[in-house]
Amino acid sequence: MVLGVVQLYLPKGTYLNGLVGKIWGILIAVVFISSFFIYEMRILRSYSLIDLLSIWTIISLALGVYFARTNKIQWHKWTMISMNFLTLILTGLFTLIPGSLMHEIFFGYIEFLTH
């Protein structure tokens, strides 16, 4: 998450921008590929909303790389910014779905503090 925010503020087109972007892309791919192994939150038979988000993120990441390599900078910029924000927001919301471990930790802790 931190790298994504740093990446948004780095000067574009520099070596550092490319390096941080590659590291961020690899980390995002690892996180979202690993999300396919979360089995507790299945909604549609063997699939969950997290699976749909993961597929969308991996496709967006591939498109973002394609746009950068083909010098379609505006498309690259839009794809990466939207992917960064949407994945962070949606992933955060998915972690708080009732019945999930993070929901129990977060809301259980709040309940503990209020009593």
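Some points to look at:
- Scoring Thr57 on the criteria (1) open to solvent by 60 Å² or more (accessible area, probe 1.4 Å); (2) closer than 25 Å to Thr95 by Cα leaves a single failure, condition (1).
Let's see how each residue does on (1) surrounded by 13 or more Cβ atoms within 10 Å (Cβ to Cβ); (2) charged (D, E, K, R):
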| site | (1), (2) |
| --- | --- |
| Leu3 | yes, no |
| Pro11 | no, no |
| Asp51 | yes, yes |
| Phe106 | yes, no |
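- The residues of segment 58-67 that are touching a residue at least 12 places away in the same chain (Cβ under 8 Å) and either under 15 Å from Gly21 (Cβ atoms) or not in a helix (DSSP H, G or I) (or both), listed by number, are Ser60, Leu61, Leu63, Gly64, Val65, Phe67.
- In segment 68-100, the residues that are farther than 22 Å from Leu3 by Cβ and touching a residue at least 60 places away in the same chain (Cβ under 8 Å): Ser100
- Any chance Leu19 is in a helix (DSSP H, G or I) and loosely packed, with under 13 Cβ neighbours inside 10 Å: yes
- Scan segment 68-96 for residues that are modelled with pLDDT under 90, surrounded by 12 or more Cβ atoms within 10 Å (Cβ to Cβ) and more than 18 Å from Lys22 (Cβ to Cβ) and the total you get is 9.
The values are calculated or read from the model by the stated rules, or taken from the named source; none is laboratory data. Being a predicted model, the structure only gives us computed values, none of them experimental. We place every Cβ from the backbone using ideal geometry, glycine too, and count neighbours over all the protein chains shown. The protein model used for the area step is the full one, side chains on, heavy atoms only, and it has no ligands, DNA or RNA in it. Shrake-Rupley method; radii C 1.70, N 1.55, O 1.52, S 1.80 Å.
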